[in-house]
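Below you'll find the structure, written out as structure tokens, and then a few comments.
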Amino acid sequence: MRDVGLCRLGILFAITVSIVLMLVSVPRTALNRASTDGDLDDLDLDKDLESKLNASLLRVARGNKMSLRLQRRNLLPPRNLDLFPNLAKDRVVIVLYVHNRAQYFQVTVESLSKVKGISETLLVISHDGYFEEMNKIVDSIKFCQVKQIFSPYSPHVFRASFPGVTKNDCKNKGDEAKTHCQGNPDQYGNHRSPKIVSLKHHWWWMMNTVWDGLEETKDHNGHVLFIEEDHFLFPNAYRNIQALTRLKPEKCPDCFAANLAPADVKSRGEGFDSLVAERMGNVGYSFNRSVWESIHEKTREFCFFDDYNWDITMWATVFPSFGSPVYTLRGPRTSAVHFGKCGLHQGRGDEGDCIDNGVVNIDVKETDKAVNVKEEWGVRVLKHQAGYKAGFEGWGGWGDERDRHLCLDFATMYHPRSSSESP
Ligand SMILES: *[C@@H]1O[C@H](CO)[C@@H](O)[C@H](O)[C@H]1NC(C)=O
Ligand SMILES: *[C@@H]1O[C@H](CO)[C@@H](O)[C@H](O)[C@H]1NC(C)=O
């Protein structure tokens, strides 16, 4: 079944290129250490600039040296402008959001370097925390324009204040009744863990920044494709997402998005000759500005739902609140693979960073190298799929009022008139 398409093309045998990427081993201690200051001395801050940058931050980050330096870095022009001075008009901007798993990130970047057409577009890399190992990998990218941004609000860049851990934070169940600690328990009685809430904060900060804040992207009306540090992209990923977004209005006018991978992350696709419309997945999803605006309108739903996973929050509250099923259009073969074995996912709790045996083995077949969705194909609609939906109460971890309000502030920081912060 998987190779039917290849036979049609008259290829007698599938050339399987097996990529075994031996991952650079980076000491765990280095990986887990987020810089809080001192590592960014390459950028001088004069007093004037410092106070301007300070004023441009939300109040929680004002005066935090690391936040100021990151905010300064966020204003640097894209990298590789000399190599790729122009972007294609019909580009799909790619946003890659990352934390600190350098071994994974290296594999993702390696796969991107082989993606056909990628030199036509802008790659935005959004960092949760500041890690030298991650920066070294970004330095090595020479295949397209790259805009690097860092969340100045990442809990990882705060030493002793919110959104990091503060001395006065409640720690254990029931602390709030016994002591004068700060923090609200979630629906299961647990208090916030900065390491865990950082993922949802980063996703929301990144979404708001890319669509509404960043000079390089805030006027982009086309699609933006989102990927993570443990996603492997096939060489046809960019041309496929372009084809899918082009076909979407005609083939699936009700689809909100286009995806590179099936909603079921374990599936590589059915391999049949048809497009697929299904529930929106969290690997290689893309949508346009008007969909972003619909999401942004549901800020309260997003920020008040007691689940620390951004994706489950979307499935259980934001999408259901749109009033119609949220479908995405994809091809019958995946163009993106989630290879991280571990990470922060539902119900797993605080297991920290976890690194597997250091080898990623992904088959790239001939059909994965060029566009493999066809204009003449019909669309199969997958209805009643399993998964999180309206009614799910959430896994918790997001009960602290401070997190909820920071989340609201991210949604208004580029819309000054509706800001919840006083000037
Ligand atoms: C930044 O702003 C805060 C609050 O307005 C202020 O207390 C602090 O001194 C300022 N820091 C710098 C470096 O400008
Ligand atoms: C953006 O995508 C939505 C959903 O597919 C579609 O209805 C809308 O027309 C698109 N907007 C633009 C400007 O293309």
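All of the numbers you see were taken from the coordinates with simple rules; none came from a lab. Bear in mind that the values here come from a model prediction, so they are computed numbers and not experimental data. As a convention, Cβ positions derive from the backbone with ideal geometry for all residues, glycine included, and neighbour counts pool all protein chains shown.
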Label-point gap, in nm, between His405 and His384 - each point 7 angstrom along Cα→Cβ | 4.6
Given H placed on each backbone N at 1.01 Å, which residues far from Arg79 in sequence or on other chains put an amide H within less than 5 Å of it?
-> Val146, Lys147, Gln148
Please report, in debye to the nearest 20, how large the charge dipole of region 216-318 is about its Cα centre when each Lys and Arg carries +1 at its beta carbon and each Asp and Glu carries -1 there.
-> 340
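How high is the FRET efficiency from Glu270 to Ser294, r the C-beta distance, R0 30 Å, rounded to 0.05?
In this case the efficiency is close to 0.55.
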Please report how far the C-alpha centroid of region 85-100 lies from that of region 277-305, rounded to the nearest whole angstrom.
-> 19
Amide H neighbours of Tyr327 under 5 Å, counting only residues 5+ apart in sequence or on other chains, H built in-plane at 1.01 Å?
-> Phe256
Which of the residue pairs Lys52/Lys167; Lys52/Lys147; Lys218/Lys298 have a Cα-Cα distance greater than 26 Å in the structure shown?
-> Lys52/Lys167
Using packing as a proxy for protection, rank 212-218, 74-80, 126-132, 171-177 so that the peptide with the highest average count of other Cβ atoms within 10 Å comes first.
-> 126-132, 212-218, 74-80, 171-177
When a footprinting reagent is the concern and you count Cβ atoms within 10 Å, what order do Cys181, Cys407 take, fewest first?
-> Cys181, Cys407
Lysines whose Cα lies under 17 Å from that of Lys142, excluding same-chain neighbours fewer than 8 positions away = Lys114, Lys116
Förster-model FRET efficiency, 25 Å R0, Asp82 and Glu132, C-beta, rounded to 0.05 = 0.55
Cα to Cα, under 16 Å, and not fewer than 8 places away if on the same chain: which lysines meet these conditions relative to Lys248?
-> Lys374
Qualifying GluC sites (Glu not before Pro) in region 361-409, DSSP loop, other Cβ atoms within 10 Å at most 16 | Glu375, Glu376, Glu393
Report the label-to-label distance for Lys116 and Glu50 in nanometres (one decimal), using points 7 Å from each Cα along the Cα→Cβ vector.
-> 5.3
Residue-by-residue Karplus 3J(HN,Hα) for region 293-305, coefficients 6.51, -1.76, 1.60, Hz, glycine and proline x | 4, 5, 5, 4, 5, 9, 3, 5, 4, 5, 7, 9, 7
Once Asp219 and Tyr414 are pulled to full extension, the length gained, defined as 0.36 nm per residue separation minus their Cα-Cα distance, is 68.9 nm
By a straight-distance test (C-alpha under 24 Å), which lysines pair with Lys173 as possible cross-link partners, with residues fewer than eight away in the same chain excluded?
-> Lys195, Lys200
Please arrange Arg72, Arg159, Arg330 by counting, for each residue, the other beta carbons lying within 10 Å of its beta carbon, fewest first.
-> Arg159, Arg72, Arg330
Return Thr166, Thr334 ranked ascending by Cβ neighbour count within 10 Å, so the fewest neighbours appear first.
-> Thr166, Thr334
